[in-house]
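Q: Pasting a structure below so you can have a look.
The values are calculated or read from the model by the stated rules, or taken from the named source; none is laboratory data. Please read these numbers as outputs of a predicted model, since none were measured by experiment. A quick note on method: Cβ atoms are made from the backbone with ideal geometry, for glycine too, and the neighbour counts reach across all protein chains shown. What goes into the accessible areas is simple: the full protein's heavy atoms, side chains included, and nothing from ligands, DNA or RNA. Shrake-Rupley method; radii C 1.70, N 1.55, O 1.52, S 1.80 Å.
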Amino acid sequence: MKTVYLHELRQNARTAIIWIVSLVGGTGLYMSLYPAFAQHANELNKVLQNYPPVLRKALNINFDAHFALASFFALVMGFITLAAAIQAMNLSTAITSKEEREKTAEFLLSKPLTRQSILTGKLAAAVTIILSTNVVFMISMRLLLMSISQTSLTEPVFLLMTGSMLLIQIFFLALGLLMSVSLPKVRSVLSVSLVTVFGFYIIGMLDAVLGAKAVRYLTPFKFFDLIYVYKHSSYEWQYLIVEAVFVIAAGIAGYIIYQGRDINTI
Amino acid sequence: MNIFRHEFRAHRTGLIWWSVGMLFMVYAGMAKYGGFKSAGPAALDIFKSLPKSVLAVFGIGNIDLTTAIGFFTVLFIYLFVMAAIHATLLGAGILTEEELERTAEFLYPKPVSRVCVVAEKALAAVTSVIILNLVAAVSSVVFVAAYNKGGPTATKPILLMMVGMLLAQLIFLSIGMAAAAVLNNPKAAGPVASAYMFTAFFLKLGLDITEKYQWLRFLTPFRYYDAVAIVKASALDWGYVAISVSLIAVFTGITFYFYRRRDLYV
Amino acid sequence: MTTVIETKKLTKYYGQSRGIIDVDMSVDEGEIYGFIGPNGAGKSTTIRILLALIYATGGTATIFGKDVVKDGPEIRQEIGYLPSEVFYYDNMRVKELLDYSASFYKKDCSKRINELSEIMDLDLSKKIDDLSYGNKKKVGIVQGLLHEPKLIILDEPTGGLDPLMQQKFFDLIHEENKKGATVFLSSHILSEVQRLCDRVAIIKEGKIIKIERMSDLGKSNYSQFRIVANKPISKDYFAIEGVSELKTNETHVSFLFKGDLNMIVKMISTLDLQSLMVEEPDLEDIFLHYYQ
């Protein structure tokens with residue numbers, strides 16, 4: 001198991017570094033737009049002071065500096081979690097399908113290892129990569145936010161907001177695992193993962209058809225309302241439960257299916 | 001034309017799924033408009049004077065969302081991304097599939113030149129792209145009309161957007177093919193081409209929330225055909241059309257030049 | 001006699017690493033030409049250059065007197081190729097694949113497809129995905145021969161075929177050859193080459209080290225000696241000029257000899273012999289000799 005784990009880490013290291021750099025760099029570039037936004041928000045706030053209080057209340061906006069930072073950061077996190085979801089999905093969709101597509105399955109499975117330990121080794125490597133991505137991301141975001149804004153988010157709010165990326169990635173890690181072991185043949189990891197991630201992203205805008213409430217339960221991109229997180233310093237627990245149930249179920253199903261699966265050789 | 005026929009048939013099932021997805025998205029998106037219109041938030045008026053970045057936080061572009069066409073401009077970017085993913089993956093895939101599926105040793109010893117193989121494959125891909133575009137165009141026109149009772153006809157701007165989208169699709173297609181032709185490792189083509197496509201998409205998102213750095217818009221085809229600008233001008237920007245056509249020509253040229261000289265990966 | 005394949009100083013480097021170096025060959029019309037060497041010697045590289053799958057870094061290669069790159073498509077009208085490993089579009093049926101293959105040639109191949117599948121015992125209605133490796137190989141054979149090519153190129157063709165099918169396959173190749181087809185066969189299995197070929201080129205580490213008629217190779221002036229004596233023989237007793245592959249183990253000695261037979265017989269006559277065998281070496285021995 002340990003050898004599989006280390007091998008997988010080594011195999012994925014380069015791609016992981018590229019992802020981490022792009023995620024941090026991309027977020028950095030977006031956040032560099034914040035100072036201009038803060039200024040606009042400030043002006044807007046002054047304008048809003050002149051509107052009657054009833055209207056202000058109806059619009060439900062209050063552009064104090066904290067809220068300006070939180071809402072802008074929430075917007076950027078919305079963009080960046082989409083990319084992060086692709087990273088996680090790429091990793092886990094490849095997890096077992098890659099061996100079969102590249103005809104290395106016979107090599108690996110003829111070694112004295114149980115399928116369980118193979119899957120565990122690979123999964124542990126994927127989880128390690130996702131965790132490192134998030135640790136690096138959180139640390140650099142903390143530093144970045146401190147450097148571009150005088151106000152800052154409180155520790156719990158910051159952790160919960162950036163943590164939504166980790167939770168969304170774990171969702172897609174589980175989903176990709178399930179697809180990797182259950183699809184008969186994955187021709188291209190990239191196609192499967194792009195289509196799936198965008199599928200879920202787009203489900204988010206189908207509220208009119210599926211019902212606004214139902215949609216929030218259906219796609220991880222809607223599990224975490226970051227403005228809610230900002231206001232209440234907590235996630236909405238019902239979505240956390242949905243995620244936990246899905247991840248556990250997908251994980252167990254993944255192991256069972258892989259155990260019983262016929263491996264495609266040449 | 002036997003390669004063309006073979007390729008078109010091989011990608012037919014995939015194309016049908018993409019088309020169904022496209023159709024469903026247009027339907028679901030416009031259904032949302034149905035609900036949105038009846039809610040009728042008149043307060044939207046005050047937002048018209050607000051800066052871009054603030055509007056983006058509320059998820060509103062600077063157009064009247066209460067009209068069917070105004071609402072469609074929001075939907076359009078999703079259709080656009082979908083079509084772009086399809087084109088990118090298809091472009092990279094259609095040229096690398098023989099090497100990745102190890103059928104290169106079947107096809108290339110046949111009495112056909114590389115130029116002929118690329119030309120027929122490109123033709124098959126272009127046909128797919130056009131069909132997906134037509135599905136998007138027809139369903140958009142039909143569904144927007146269905147929800148546009150009494151409003152001014154929206155057919156012309158929609159068709160203009162679709163022409164723009166087609167040009168962008170062809171850019172992504174030709175970039176995918178060029179990546180497949182230039183890169184030695186056929187496995188790298190899909191990731192490289194989609195990395196560009198996503199960078200372009202995230203760049204577009206970034207440019208939407210700021211007034212700065214607008215010169216960067218040349219790097220992202222998603223900005224060439226901005227829905228709001230097309231609705232306002234009721235015309236395409238001929239400068240961008242010219243850029244699109246030249247990009248397509250350049251990347252197609254690169255594809256043919258490099259593919260002829262390429263050592264196949266067998 | 002017309003030359004079908006001709007290479008001059010054909011060289012291929014993959015970046016820094018060696019593919020083939022200065023390969024000179026000429027294959028005549030109507031012959032079965034063997035191309036033999038161990039794994040990694042450059043056999044597949046040479047074939048892929050001939051088919052313009054990859055491009056040479058130096059030298060020239062012509063088939064039917066035409067350049068393999070410039071006139072590739074035209075040349076390949078008349079080439080049938082069977083790769084060492086066969087992979088096909090696995091969502092297709094056998095019939096569909098063969099029809100697709102036939103659609104590249106300017107003749108009607110449907111009759112030949114049926115004949116060949118009959119001979120190779122191939123079920124046309126099956127999905128390629130469901131075929132065993134050996135059966136995929138049969139598909140490969142049929143798709144390579146269905147247009148009655150003038151030049152048949154085979155890259156280690158018999159892997160995955162059972163002995164019965166191998167026999168049928170060799171009969172088929174012989175028949176095509178009798179009808180006038182030239183055959184270029186790469187292999188690392190000597191018996192295969194010995195059975196089929198008129199001439200053979202031996203390749204080692206990217207270089208051709210020997211080209212010979214099969215008949216010459218067979219009855220080369222080498223003789224294989226195997227001696228068992230009653231008393232131990234000293235290790236250097238036969239270490240004289242003309243002897244190679246010398247193996248001494250107490251009373252047992254074996255070696256290849258090329259030179260004056262009278263001299264060696266005199267040397268042997270002084271020993272107290274238990275048994276003596278002198279035979280023509282088989283290709284295996286000669287091959288080892290080139291590869292020592």
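Q: Taking the condition of being among the hydrophobic types (A, V, I, L, M, F, W, C), touching a Gly at 6+ places or on another chain (Cβ under 7 Å) and closer than 13 Å to C:Leu53 by Cα, how many residues in the stretch C:68-87 meet it? Even if it seems obvious, please write down each step before you answer.
A: First, pick out the residues of the stretch C:68-87 that are among the hydrophobic types (A, V, I, L, M, F, W, C): C:68-69, C:75, C:79, C:82, C:86-87.
Then drop every residue that is not touching a Gly at 6+ places or on another chain (Cβ under 7 Å), which leaves C:82, C:86.
Narrowing further to those that are closer than 13 Å to C:Leu53 by Cα: none.
Residues that pass the stated criteria total 0.
Q: Same structure, new question: In the stretch A:197-230, what residues are charged (D, E, K, R) and modelled with pLDDT of 85 or more?
A: Here is the first cut: in the stretch A:197-230, the residues charged (D, E, K, R) are A:207, A:213, A:216, A:222, A:225.
Selection gives A:Arg216, A:Lys222, A:Asp225.
Q: Given (1) within 14 Å of another protein chain (Cβ to nearest Cβ); (2) in contact with a helix residue (DSSP H, G or I) (Cβ under 8 Å, 6 or more places away or on another chain); (3) within 30 Å of C:Phe87 (Cα to Cα), where does A:Asp262 come up short, assuming only one miss?
A: Going through (1) within 14 Å of another protein chain (Cβ to nearest Cβ); (2) in contact with a helix residue (DSSP H, G or I) (Cβ under 8 Å, 6 or more places away or on another chain); (3) within 30 Å of C:Phe87 (Cα to Cα) one by one, A:Asp262 breaks only (2).
Q: Another one. Of the conditions (1) at pLDDT 90 or above; (2) within 14 Å of chain B (Cβ to nearest Cβ); (3) open to solvent by 40 Å² or more (accessible area, probe 1.4 Å), A:Leu194 fails just one. Which one is it?
A: (3)
Q: Can you pull out the residues in the stretch C:79-96 that are more than 7 Å from chain B (Cβ to nearest Cβ) and either closer than 30 Å to C:Glu29 by Cα or not in a helix (DSSP H, G or I) (or both)? Explain how you work it out, then say what you get.
A: Residues of the stretch C:79-96 more than 7 Å from chain B (Cβ to nearest Cβ): C:80, C:82, C:84-86, C:90-96.
Residues satisfying the conditions are C:Gly80, C:Leu82, C:Ser84, C:Glu85, C:Val86, C:Asp90, C:Asn91, C:Met92, C:Arg93.
Q: Right, another one. Name the one entry in A:Ser152, A:Ser147 that is surrounded by fewer than 16 Cβ atoms within 10 Å (Cβ to Cβ), in a loop (DSSP other than H, G, I, E, B) and among the small types (Gly, Ala, Ser).
A: Going through A:Ser152, A:Ser147 in turn, the sole match is A:Ser152.
So that you can scan it fast, the table gives a plain yes or no per residue for (1) of a type in the set (Ser, Thr, Tyr); (2) open to solvent by 40 Å² or more (accessible area, probe 1.4 Å):
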| position | (1), (2) |
| --- | --- |
| C:Thr2 | yes, yes |
| C:Lys8 | no, yes |
| C:Ile21 | no, no |
| C:Thr60 | yes, yes |
| C:Lys66 | no, yes |
| C:Gly72 | no, no |
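Q: Given the residues B:Tyr265, B:Tyr224, which is the only one that is in contact (Cβ under 8 Å) with a residue 24 or more places away in the chain and within 17 Å of the chain's Cα centre (by Cα)? Walk me through it before giving the result.
A: Numbers: B:Tyr265 fails: within 17 Å of the chain's Cα centre (by Cα).
Result of the check over B:Tyr265, B:Tyr224: B:Tyr224.
Q: Tell me which residues, restricted to the stretch C:42-78, are within 12 Å of another protein chain (Cβ to nearest Cβ) and part of a helix (DSSP H, G or I).
A: C:Ser44, C:Thr45, C:Ile47, C:Arg48, C:Ile49, C:Leu50, C:Gly72, C:Pro73, C:Glu74, C:Ile75, C:Arg76
Q: Right, something else. A:Phe198 versus (1) over 15 Å from the mean Cα position of the chain (by Cα); (2) assigned to a helix (DSSP H, G or I); (3) farther than 17 Å from A:Leu69 by Cα: which is the lone unmet condition?
A: With (1) over 15 Å from the mean Cα position of the chain (by Cα); (2) assigned to a helix (DSSP H, G or I); (3) farther than 17 Å from A:Leu69 by Cα applied to A:Phe198, the lone miss is (1).
Q: Every residue in the stretch B:76-95 that is open to solvent by 10 Å² or more (accessible area, probe 1.4 Å) and within 14 Å of chain C (Cβ to nearest Cβ), please.
A: Once the filter is applied, which keeps residues that are open to solvent by 10 Å² or more (accessible area, probe 1.4 Å) and within 14 Å of chain C (Cβ to nearest Cβ), the stretch B:76-95 yields only B:Gly93.
Q: Whether any residue in the stretch A:139-149 is within 13 Å of chain B (Cβ to nearest Cβ) and either touching a Ser or Thr at 6+ places or on another chain (Cβ under 7 Å) or modelled with pLDDT of 85 or more (or both) is what I want to check.
A: Filtering the stretch A:139-149 down to residues within 13 Å of chain B (Cβ to nearest Cβ) leaves none.
So far as the stretch A:139-149 goes, no, none of its residues is within 13 Å of chain B (Cβ to nearest Cβ) and either touching a Ser or Thr at 6+ places or on another chain (Cβ under 7 Å) or modelled with pLDDT of 85 or more (or both).
Q: For the stretch A:160-188, give me each residue that is farther than 21 Å from A:Leu119 by Cβ and either out of contact with any Lys or Arg (no Cβ under 9 Å at 6 or more places or on another chain) or surrounded by 19 or more Cβ atoms within 10 Å (Cβ to Cβ) (or both). Full working, then the answer.
A: We begin by selecting, within the stretch A:160-188, every residue farther than 21 Å from A:Leu119 by Cβ; these are A:160-168, A:187-188.
Once the filter is applied, which keeps residues that are farther than 21 Å from A:Leu119 by Cβ and either out of contact with any Lys or Arg (no Cβ under 9 Å at 6 or more places or on another chain) or surrounded by 19 or more Cβ atoms within 10 Å (Cβ to Cβ) (or both), the stretch A:160-188 yields A:Leu160, A:Met161, A:Thr162, A:Gly163, A:Ser164, A:Met165, A:Leu166, A:Leu167, A:Ile168, A:Ser188.
Q: Related question: Suppose the filter is open to solvent by less than 50 Å² (accessible area, probe 1.4 Å), small (Gly, Ala, Ser) and farther than 30 Å from B:Glu98 by Cα; does B:Ala200 pass it? Quick ask: steps written out before the conclusion?
A: Values: open to solvent by less than 50 Å² (accessible area, probe 1.4 Å): yes; small (Gly, Ala, Ser): yes; farther than 30 Å from B:Glu98 by Cα: no.
For B:Ala200, the condition - open to solvent by less than 50 Å² (accessible area, probe 1.4 Å), small (Gly, Ala, Ser) and farther than 30 Å from B:Glu98 by Cα - is not met.
Q: Considering only the stretch B:155-253, give the helices (runs of 4 or more DSSP H) lying wholly within it that have at least 3 residues that are over 30 Å from A:Met77 (Cβ atoms), away from chain A (no Cβ under 14 Å) and at pLDDT 90 or above. Give the steps one after another, and end with the answer.
A: On the way: elements: B:155-182, B:186-208, B:221-224, B:227-233.
Helices (runs of 4 or more DSSP H) meeting the threshold: B:155-182.
Q: Search the stretch A:70-109 for residues being among the aromatic types (Phe, Trp, Tyr) and more than 9 Å from chain B (Cβ to nearest Cβ), and hand back the single one that is least open to solvent (accessible area, probe 1.4 Å). Break it down stepwise before answering.
A: Going through the stretch A:70-109, the residues among the aromatic types (Phe, Trp, Tyr) turn out to be A:72-73, A:79, A:107.
Within this subset, residues satisfying the condition of being more than 9 Å from chain B (Cβ to nearest Cβ) are A:73, A:107.
Numbers: A:Phe73: 0, A:Phe107: 126 Å².
Here the answer is A:Phe73.
Q: Pairs needed: first member in the stretch C:122-149, under 23 Å from C:Ile32 (Cβ atoms); second member anywhere, β-branched (Val, Ile, Thr) and open to solvent by 20 Å² or more (accessible area, probe 1.4 Å); C-beta distance under 9 Å; at least 6 residues apart or different chains.
A: Correct list of pairs: C:Val142/C:Ile119.
Q: Something else about it: Could you grab me the full set of residues in the stretch B:21-35 that are more than 7 Å from every other protein chain (Cβ to nearest Cβ) and either out of contact with any Phe, Trp or Tyr (no Cβ under 7 Å at 6 or more places or on another chain) or among the small types (Gly, Ala, Ser) (or both)? Working first, answer last.
A: Residues of the stretch B:21-35 more than 7 Å from every other protein chain (Cβ to nearest Cβ): B:21-24, B:26-27, B:30, B:33.
Listed by number, the residues that qualify are B:Gly21, B:Met22, B:Leu23, B:Phe24.
Q: Condition first: basic (Lys, Arg) and farther than 30 Å from C:Leu151 by Cα. Now tell me which residues in the stretch B:108-157 satisfy that.
A: B:Lys149, B:Lys156
Q: Regarding C:Val94, is this residue more than 22 Å from C:Ala181 (Cα to Cα), surrounded by 18 or more Cβ atoms within 10 Å (Cβ to Cβ) and within 26 Å of the chain's Cα centre (by Cα)? Lay out the reasoning, then the answer.
A: On the way: more than 22 Å from C:Ala181 (Cα to Cα): yes; surrounded by 18 or more Cβ atoms within 10 Å (Cβ to Cβ): yes; within 26 Å of the chain's Cα centre (by Cα): no.
When the stated conditions are applied, C:Val94 does not pass them.
Q: Which of the residues that make up the stretch C:216-233 are open to solvent by 60 Å² or more (accessible area, probe 1.4 Å) and in contact (Cβ under 8 Å) with a residue 12 or more places away in the chain? I'd like the intermediate steps shown before the answer.
A: At the first step, the residues of the stretch C:216-233 found to be open to solvent by 60 Å² or more (accessible area, probe 1.4 Å) are C:216, C:219, C:221, C:226, C:230-232.
Residues satisfying the conditions are C:Lys219, C:Asn221, C:Arg226, C:Asn230, C:Lys231, C:Pro232.
Q: For B:Thr73, are the conditions met, namely being away from chain A (no Cβ under 11 Å), closer than 23 Å to B:Ile209 by Cα, assigned to a helix (DSSP H, G or I) and at pLDDT below 90? Even if it seems obvious, please write down each step before you answer.
A: Working: away from chain A (no Cβ under 11 Å): yes; closer than 23 Å to B:Ile209 by Cα: yes; assigned to a helix (DSSP H, G or I): yes; at pLDDT below 90: yes.
Taking the combined requirement at face value, the residue satisfies it.
Q: A follow-up question, please. Just to be sure, is A:Ala41 within 9 Å of chain B (Cβ to nearest Cβ), open to solvent by 30 Å² or more (accessible area, probe 1.4 Å), modelled with pLDDT under 80 and on the phi < 0 side of the Ramachandran plot? Break it down into steps so the answer makes sense when it comes.
A: Values: within 9 Å of chain B (Cβ to nearest Cβ): yes; open to solvent by 30 Å² or more (accessible area, probe 1.4 Å): no; modelled with pLDDT under 80: yes; on the phi < 0 side of the Ramachandran plot: yes.
No; evaluated as a whole, the condition is false for this residue.
Q: Being within 14 Å of another protein chain (Cβ to nearest Cβ), surrounded by 16 or more Cβ atoms within 10 Å (Cβ to Cβ) and part of a helix (DSSP H, G or I) is the filter here, so list the residues in the stretch C:111-134 that pass it.
A: So the first thing to find is which residues in the stretch C:111-134 are within 14 Å of another protein chain (Cβ to nearest Cβ), and the list is C:127-134.
Those still in the list that are surrounded by 16 or more Cβ atoms within 10 Å (Cβ to Cβ) too: C:128, C:131.
If the condition is that a residue be within 14 Å of another protein chain (Cβ to nearest Cβ), surrounded by 16 or more Cβ atoms within 10 Å (Cβ to Cβ) and part of a helix (DSSP H, G or I), then C:Ile128 is the only one that fits.
Q: Looking at the stretch B:248-259, can you tell me whether even one residue there is β-branched (Val, Ile, Thr) and closer than 26 Å to B:Gly70 by Cα? Outline the logic, then answer.
A: Taking the stretch B:248-259 first, the residues β-branched (Val, Ile, Thr) are B:248, B:250, B:252, B:254-255.
Narrowing further to those that are closer than 26 Å to B:Gly70 by Cα: none.
Among the residues of the stretch B:248-259, not one is β-branched (Val, Ile, Thr) and closer than 26 Å to B:Gly70 by Cα, which makes the answer no.
Here's the yes/no breakdown for (1) on the phi < 0 side of the Ramachandran plot; (2) surrounded by fewer than 17 Cβ atoms within 10 Å (Cβ to Cβ); (3) of a type in the set (Lys, Arg):
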residue: A:Phe221; (1), (2), (3): yes, no, no
residue: A:Ile227; (1), (2), (3): yes, yes, no
residue: A:Lys231; (1), (2), (3): yes, yes, yes
residue: A:Gln238; (1), (2), (3): yes, yes, no
residue: A:Val247; (1), (2), (3): yes, no, no
residue: A:Gly260; (1), (2), (3): yes, yes, no
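Q: Could you check, for the stretch A:209-218, whether at least one of its residues is within 13 Å of another protein chain (Cβ to nearest Cβ), within 22 Å of B:Gly21 (Cβ to Cβ) and charged (D, E, K, R)?
A: no
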